[in-house]
1. Tell me, which helices (runs of 4 or more DSSP H) wholly within segment 1-107 include 3 or more residues that are in contact with a helix residue (DSSP H, G or I) (Cβ under 8 Å, 6 or more places away or on another chain) and modelled with pLDDT of 95 or more?
2. May I ask you to say which residue of A231, A203 is crowded, with 24+ Cβ neighbours inside 10 Å and away from the ligand (no atom under 12 Å from the Cβ)?
3. Would you confirm whether any residue within segment 157-175 is within 9 Å of the ligand (Cβ to nearest atom), touching an Asp or Glu at 6+ places or on another chain (Cβ under 8 Å) and farther than 13 Å from D67 by Cα?
4. So, in segment 123-149, exactly how many residues are farther than 26 Å from F20 by Cβ and open to solvent by less than 20 Å² (accessible area, probe 1.4 Å)?
5. Could you give every pair whose Cβ atoms fall below 6 Å, whose first residue belongs to segment 197-218 and is free of Cβ contacts under 8 Å to residues at least 12 places away in the same chain, and whose second residue is in a helix (DSSP H, G or I), counting only separations of at least 6 or pairs across chains?
6. Consider A35 carefully, then state whether it is more than 19 Å from G140 (Cα to Cα) and within 14 Å of the ligand (Cβ to nearest atom).
7. Can you pull out the helices (runs of 4 or more DSSP H) entirely within segment 170-260 that have at least 1 residues that are within 18 Å of the chain's Cα centre (by Cα)?
Amino acid sequence: MEVILVRDAAEGALTAARYFKSQIQKKPTSVLGLATGSTPIPLYRELIRMHREENLCFSGVTTFNLDEYFGIAPDHPGSYRFFMKQHLFDHVNLHPKHVHLPDGQTQNVESHCAEYEALIKKGGGIDLQVLGIGHDGHIGFNEPSSSLASRTRIKTLTQTTVNANQQFFRPGEQVPRHVLTMGIGTILDSRQCLLLAFGKAKASAIALAVEGPLTAKCPASALQLHPKTTAIIDHDAASLLALREYYREVQTNKPEWQRV
Ligand code: GLP
């Protein structure tokens, strides 16, 4: 996987936003895979700025989010639909009909998940998927032990993830234990992935994902099988990578035509 080392989250967000801009300019009808969590927030802020100041147009773009909590309404402030509206959808010219998240209130989980997969396929597949990483190496909500070939389905969160996501809920309010998430197989089908990780707390997950063995213990390690994944990692999150110097050399010597 390609590794781009950046100073901090701000520089990481700018770098990731350039990938999105170039993708949308190349193909105005791009299908984007979106993520939640605190990591992509500065990326979305930058995309909103590009929309306002540089005419980046989302009118032809379709989006699919990785995941949604199961059992909460879309207008619940803890829901990922609410998060996406707040951080991106309400601020750019995405057509509401082109925006997709799993429905956390579906009555029929199995058929809804199969429909979500079919919708991605019908849209032509995801061109560019952004990913954060959990402290335990999860991507989307694919917790350790997830099948590396999994498709969209219901999953049970680990206590670590529940604790980490408590910040997005009111104090004392319960974080849902169940979620609907694209599978690792679904993510690997994307044409390009951007894995973002900022801060010391992500260092061990990143070391395992980028340089560790391919294992369901670290679901993000499955990205090693993906032909076009770029990891954008800040100084702190990269601190346990053994090949840091090599990644820097690769970056410095990257041919002009490969730069985004
Ligand atoms: C949640 C999301 C993931 C995200 C992870 C990390 O579990 N489902 O997509 O990558 O949190 O969150 P943060 O970016 O807040 O560290």
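The values are calculated or read from the model by the stated rules, or taken from the named source; none is laboratory data. For clarity, every value in this text was computed on a predicted model and none was experimentally measured. Methodologically, a virtual Cβ is constructed for each residue, glycine included, from the backbone with ideal geometry; neighbour enumeration extends over all protein chains shown. Keep in mind that these areas ignore ligands, DNA and RNA; they rest on the heavy atoms of the full protein, side chains included. Shrake-Rupley method; radii C 1.70, N 1.55, O 1.52, S 1.80 Å.
1. Numbers: elements: 9-26, 41-54, 80-87.
Passing ranges, in order: 9-26, 41-54.
2. The unique qualifying residue is A231.
3. Yes.
4. So the answer is 2.
5. G212/S221; T215/S221
6. no
7. Hits in segment 170-260: 184-188, 203-211.
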